[in-house]
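Student: Can you read through this structure? Questions will come right after.
The values are calculated or read from the model by the stated rules, or taken from the named source; none is laboratory data. Bear in mind that the values here come from a model prediction, so they are computed numbers and not experimental data. Cβ sites come from the backbone with ideal geometry, for glycine too, and all protein chains shown count toward neighbours.
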Amino acid sequence: MDKALTDSLERYIVKLQELSEVLKGPRTNEFRITKRNLPAIALKSATDFLAYCALVALFRRNIGGLSEASCVAVVAVPSQWQLKDVHDAAKIILKDKAGLKFCLHPTSKHRRGWEIDPAEFLESGEKLIIFTQEGSVLHEDFELAATLFDRLAVCDVRHLRALSVFRRCGKLTDEQAAVIATQASERMEAIFRRDQPASRAAMKLLKVARVAPGNERLLDVSKGFGEASAWAAALKKDLEDWRQGKLPWAEVDKGCLLYGPPGTGKTRFAAALAAHCGLKLEATSVPKWQSFKDGDLGDMLKAIYQAFGSAKENAPCLLFLDEFDAIGDRAKFPSRHETYSTTVVNALLECLDGTEAREGVVVLGACNYPERIDPALLRSGRLEKHVRFPLPDATARGEILQFHLPSLAGNPALKEIASRLPGKSGADIERLAREARRIARKENRDVNISDVRSRVQVPPPLDAKTLYRVAIHEAGHALVTHALLLGKIEWVEIYDNVKNFATTVDANGGMFMEAPSREFITRWDTMKMITSDLAGAAAEDLIFGHRANWSTGNHGSDFAKATTLAIRMVTEYAFGNSLFYLPGSVDMTSPPKLWEDLALRDDVTEILEEQYQRARDMLDGLKPALLKLAEALVKHKRLDAVQLEPYWPGSRKVPQPTTQSQKRRQH
């Protein structure tokens with residue numbers, strides 16, 4: 001009895017299903033695709049053909065949902081395809097079908113609101129197909145009304161091969177079809193030119209894009225890059241815990257800003273970091289967004305949304321945004337560009353906030369001037385971690401040279417050369433390697449270590465007179481720093497460029513100090529720092545009656561640091577002659593701006609002159625100690641903390657002779 005009842009129910013269900021299909025028939029005619037002249041479509045337009053095939057496949061797999069009388073279908077179009085191209089193909093399929101509307105959704109929401117009224121499309125109750133760019137934000141009303149969501153799979157391998165046949169473009173391998181599938185819709189006509197092999201275009205694309213699996217030569221991000229290396233190690237550990245379900249995504253650093261001098265290799269670091277952490281790399285830049293298509297507001301917003309959309313699609317992913325300081329600061333935009341620029345910053349804030357979850361996407365920005373970036377972009381929850389990316393140290397310089405000269409990677413002389421390149425950026429080292437390879441090419445042979453050495457500019461040896469001046473300069477820094485109790489001096493050294501060479505800083509000497517951490521800073525603290533910065537020049541002035549230019553030669557020079565701190569004293573700390581607080585009021589990267597503000601210029605000049613004189617007066621009282629310490633530096637070239645103790649004023653310790661083992665350890 002039970003079995004008979006079960007059989008009856010099953011037969012009844014089958015009949016109901018058959019009847020349902022019959023009833024659906026009249027309502028789904030528009031999506032039951034009749035045969036079209038596919039060769040004619042392919043010959044007319046490669047883009048129309050590929051979009052046509054993709055839409056047919058989408059309609060077939062969603063025939064049930066599309067048959068509903070009040071269907072609102074949202075179709076996400078891949079970011080490299082134009083909505084108009086897909087719309088044109090849809091009109092070929094569904095030409096003159098009554099009761100059906102199309103909507104090409106805007107790629108962004110402007111400051112004044114959406115440039116679309118959903119009511120115009122929804123009020124009639126007709127079927128509606130909304131084409132939206134993948135990764136862009138959907139209008140809230142369409143989100144609520146949608147009954148079907150799907151992604152358009154354009155450039156299926158079968159469709160690409162069919163197009164190639166119809167246009168007599170020859171056969172395509174899987175690899176060739178795969179690289180063509182990633183191209184923008186505008187490129188399809190160039191790839192599938194009639195009677196021309198599409199494989200030729202594909203090979204050109206592969207030549208640009210291909211990186212042989214397992215053969216990537218990447219820098220080691222775990223060492224040589226200071227704080228950036230420490231952050232990379234912490235990120236890798238957090239991501240491993242997240243993958244294993246031990247750590248929620250909310251606990252992972254989702255945004256970081258790397259900042260530092262130009263040419264330091266931030267882009268290469270990003271690529272190596274992605275591999276180090278097992279992340280897919282999506283790399284772009286603010287200038288690329290600005291130059292996207294016509295460069296108008298809509299195009300730039302589209303480029304931003306596409307970048308974040310692609311990163312979400314490829315999660316876990318590292319989205320690298322180079323030249324991030326080009327985005328600007330809303331408080332400083334010229335009035336004629338204010339609307340455009342403010343809208344762009346707001347769109348970027350929206351993407352970084354992740355109103356749509358961006359789990360698995362780490363955003364890494366890179367720039368030279370972080371002070372030019374809108375502060376809202378750098379707050380918690382956005383690019384909240386700020387890591388200074390320094391010039392590479394000796395270890396990192398060696399790795400960069402090995403990266404660009406892999407055939408010499410095992411040669412110990414390469415590390416020695418790298419150690420003699422203080423102050424050189426990753427770009428400088430890459431150029432050196434390129435020049436060495438050019439020498440070898442001219443002689444039709446492999447590059448050797450002599451080629452590299454020949455391109456290194458060796459600093460000239462310092463004569464006794466110049467070396468003594470350097471010693472006076474560094475002794476001045478050391479004595480004033482010690483007297484003002486600014487920190488523990490680890491060592492002081494000078495370089496004669498004969499037996500002693502600079503490896504850490506691009507200078508003739510240096511004082512290296514461990515400064516204590518400070519919870520707050522007083523006016524006297526900042527004054528002491530400036531006094532210490534100016535002490536080297538003051539020592540030269542005291543002993544020789546004038547100073548050399550090495551106190552002012554670059555952005556990292558003594559006077560540059562002192563001037564920057566003096567500006568901050570006045571504008572940020574209210575330590576000048578006025579009590580105002582005006583952070584960011586002066587563009588530190590634009591010296592003319594400083595001189596336009598006469599009141600600020602007067603305040604800064606007064607601070608610098610006062611502290612320079614203070615340093616000179618202090619050293620005048622310590623002149624015997626200054627001369628004695630300078631003579632010791634000339635003799636030993638380097639003195640560490642223990643060896644320095646006898647030279648401090650008031651010390652009763654007697655200088656000890658430097659042993660050979662100590663000399664070897666020092667150098």
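Student: Could you list all residues from region 459-478 that are of a type outside the set (Phe, Trp, Tyr) and either over 41 Å from the mean Cα position of the chain (by Cα) or not in a helix (DSSP H, G or I) (or both)?
Tutor: Listed by number, the residues that qualify are Pro459, Pro460, Pro461, Leu462, Asp463, Ala464, Lys465, Thr466, Leu467, Arg469, Ile472.
Student: Please enumerate the residues belonging to region 479-524 that are surrounded by fewer than 17 Cβ atoms within 10 Å (Cβ to Cβ), among the acidic types (Asp, Glu) and in a strand (DSSP E or B).
Tutor: Passing the criteria: Glu490, Glu514.
Student: Under the condition of being part of a loop (DSSP other than H, G, I, E, B) and among the hydrophobic types (A, V, I, L, M, F, W, C), which residue from region 172-186 is surrounded by the most Cβ atoms within 10 Å (Cβ to Cβ)?
Tutor: Going through the qualifying residues, I end up with Leu172.
Student: Tally up the residues in region 136-187 that are in contact with a strand residue (DSSP E or B) (Cβ under 8 Å, 6 or more places away or on another chain) and of a type outside the set (D, E, K, R), please.
Tutor: The total comes to 9.
Student: When both residues are 6+ apart or on different chains and their Cβ atoms are under 7 Å apart, which pairs have a first residue that lies in region 465-488 and is in contact (Cβ under 8 Å) with a residue 12 or more places away in the chain and assigned by TED's automatic domain parsing to the domain that holds Asn500, and a second that is in a helix (DSSP H, G or I) and acidic (Asp, Glu)?
Tutor: Arg469/Glu540; Ile472/Glu540; His473/Glu540
Student: Next question. Could you run through region 414-457 and say how many residues are buried (at least 16 other Cβ atoms within 10 Å of the Cβ), under 19 Å from Pro392 (Cβ atoms) and among the acidic types (Asp, Glu)?
Tutor: 2
Student: Right, next: Restricting to region 114-139, name every residue that is surrounded by fewer than 18 Cβ atoms within 10 Å (Cβ to Cβ) and either over 17 Å from Leu348 (Cα atoms) or more than 38 Å from the chain's Cα centre (by Cα) (or both).
Tutor: Selection gives Glu115, Ile116, Asp117, Ala119, Glu120, Glu123, Ser124, Gly125, Glu126.
Student: Applying the selection to region 333-344, what residues are free of Cβ contacts under 8 Å to residues at least 24 places away in the same chain and surrounded by fewer than 15 Cβ atoms within 10 Å (Cβ to Cβ)?
Tutor: Scanning region 333-344 gives Pro334, Ser335, Arg336, His337, Glu338.
Student: Also, quick follow-up: Can Lys109 be described as more than 19 Å from Lys84 (Cβ to Cβ) and either at pLDDT below 80 or not assigned by TED's automatic domain parsing to the domain that holds Asn346 (or both)?
Tutor: yes
Student: When you go through Asn411, Asn368 one by one, which is the residue that is assigned by TED's automatic domain parsing to the domain that holds Arg268, at pLDDT 85 or above, among the polar types (S, T, N, Q) and surrounded by fewer than 21 Cβ atoms within 10 Å (Cβ to Cβ)?
Tutor: Going through Asn411, Asn368 in turn, just one is assigned by TED's automatic domain parsing to the domain that holds Arg268, at pLDDT 85 or above, among the polar types (S, T, N, Q) and surrounded by fewer than 21 Cβ atoms within 10 Å (Cβ to Cβ): Asn368.
Student: While we're here: Filter region 417-429 down to the residues that are part of a helix (DSSP H, G or I) and out of contact with any Lys or Arg (no Cβ under 9 Å at 6 or more places or on another chain), then identify the one that is farthest from Ala507 (Cα to Cα).
Tutor: Ala427
Student: Another one. Look at region 600-655 and say how many of its residues are at positive phi and buried (at least 20 other Cβ atoms within 10 Å of the Cβ).
Tutor: 1
Student: Moving on to the next point. Being assigned to a helix (DSSP H, G or I), surrounded by fewer than 21 Cβ atoms within 10 Å (Cβ to Cβ), small (Gly, Ala, Ser) and in contact (Cβ under 8 Å) with a residue 60 or more places away in the chain is the filter here; which residues of region 249-308 pass it?
Tutor: Result: Gly298, single match.
Residue-by-condition table, conditions (1) assigned by TED's automatic domain parsing to the domain that holds Asn554; (2) within 20 Å of Thr563 (Cα to Cα); (3) touching a residue at least 12 places away in the same chain (Cβ under 8 Å):
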| position | (1), (2), (3) |
| --- | --- |
| Asp428 | no, no, yes |
| Arg445 | no, no, no |
| Thr522 | yes, yes, no |
| Ala538 | yes, yes, yes |
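Student: Right, another one. Tell me whether region 391-401 contains one or more residues that are surrounded by fewer than 16 Cβ atoms within 10 Å (Cβ to Cβ) and either under 22 Å from the mean Cα position of the chain (by Cα) or within 22 Å of Asp496 (Cα to Cα) (or both).
Tutor: no
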